[in-house]
Amino acid sequence: MNITGKYLRVWKSEVKEKMVIADLGEGKKNKDGGFDNFTWFGVKFVGNCKEKAESLEKGDTVEIVNGLISQRKWEDKWFNDIVVFDFEVMTKGNGEVVSQTTNDFAVEDDDDLPY
């Protein structure tokens, strides 16, 4: 299944011979105002984006532009595999804004949120 995603935080990354493997975190706001946080472990940056991914550092925020997610079964457990073919660095870990995109959906205040 094709995936895209904005504002994923890099927790760690490791450069391998043919890919960069990173752990990416994201959060989702709950109805009660709290957050659920998730980490996608072992995300693979491959192909043409491998070279760009080599400069990823802890704390960087990225947007996945083109990627795939799939599931595989191993020893009676299911695992998610995420492969990224293109991405943009939104901000560096030091707060430097690298890329800005526009939102198709703008919310004026919290009253407009669906929850």
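The values are calculated or read from the model by the stated rules, or taken from the named source; none is laboratory data. Since the structure is predicted, the reported quantities are computational estimates derived from the model, not experimental observations. A quick note on method: Cβ atoms are made from the backbone with ideal geometry, for glycine too, and the neighbour counts reach across all protein chains shown.
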### Query
Is the stretch 58-74 home to any residue that is surrounded by 12 or more Cβ atoms within 10 Å (Cβ to Cβ), within 16 Å of Ile3 (Cα to Cα), of a type in the set (Asp, Glu) and within 12 Å of the chain's Cα centre (by Cα)?
yes
#### Entry: Odd one out for Val46 among (1) in contact with a Phe, Trp or Tyr (Cβ under 9 Å, 6 or more places away or on another chain); (2) within 14 Å of Leu8 (Cβ to Cβ); (3) in contact (Cβ under 8 Å) with a residue 24 or more places away in the chain
(2)
### Task
Please specify each residue of the stretch 76-102 satisfying the condition of being in contact with a strand residue (DSSP E or B) (Cβ under 9 Å, 6 or more places away or on another chain) and either at pLDDT below 50 or of a type in the set (Ser, Thr, Tyr) (or both).
Thr91, Ser99, Thr101
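Residue-by-condition table, conditions (1) at pLDDT 95 or above; (2) out of contact with any strand residue (DSSP E or B) (no Cβ under 9 Å at 6 or more places or on another chain); (3) farther than 15 Å from Ile64 by Cβ:
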{"site": "Ile3", "(1), (2), (3)": "no, no, no"}
{"site": "Tyr7", "(1), (2), (3)": "no, no, no"}
{"site": "Val15", "(1), (2), (3)": "yes, no, yes"}
{"site": "Val20", "(1), (2), (3)": "yes, no, no"}
{"site": "Gly27", "(1), (2), (3)": "no, no, yes"}
{"site": "Asn30", "(1), (2), (3)": "no, no, yes"}
{"site": "Thr39", "(1), (2), (3)": "no, no, no"}
### Query
Could you list, in sequence order, the residues of the stretch 1-37 that are touching a residue at least 40 places away in the same chain (Cβ under 8 Å), out of contact with any Gly (no Cβ under 8 Å at 6 or more places or on another chain) and loosely packed, with under 10 Cβ neighbours inside 10 Å?
Met1, Lys31
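Rundown of residues vs (1) in contact (Cβ under 8 Å) with a residue 24 or more places away in the chain; (2) under 19 Å from Val97 (Cβ atoms); (3) in contact with a helix residue (DSSP H, G or I) (Cβ under 8 Å, 6 or more places away or on another chain); (4) β-branched (Val, Ile, Thr), yes/no style:
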| position | (1), (2), (3), (4) |
| --- | --- |
| Thr39 | yes, no, no, yes |
| Lys50 | yes, no, no, no |
| Glu54 | yes, no, no, no |
| Gly59 | yes, yes, no, no |
| Leu68 | yes, no, no, no |
| Phe79 | no, no, no, no |
| Ile82 | yes, no, no, yes |
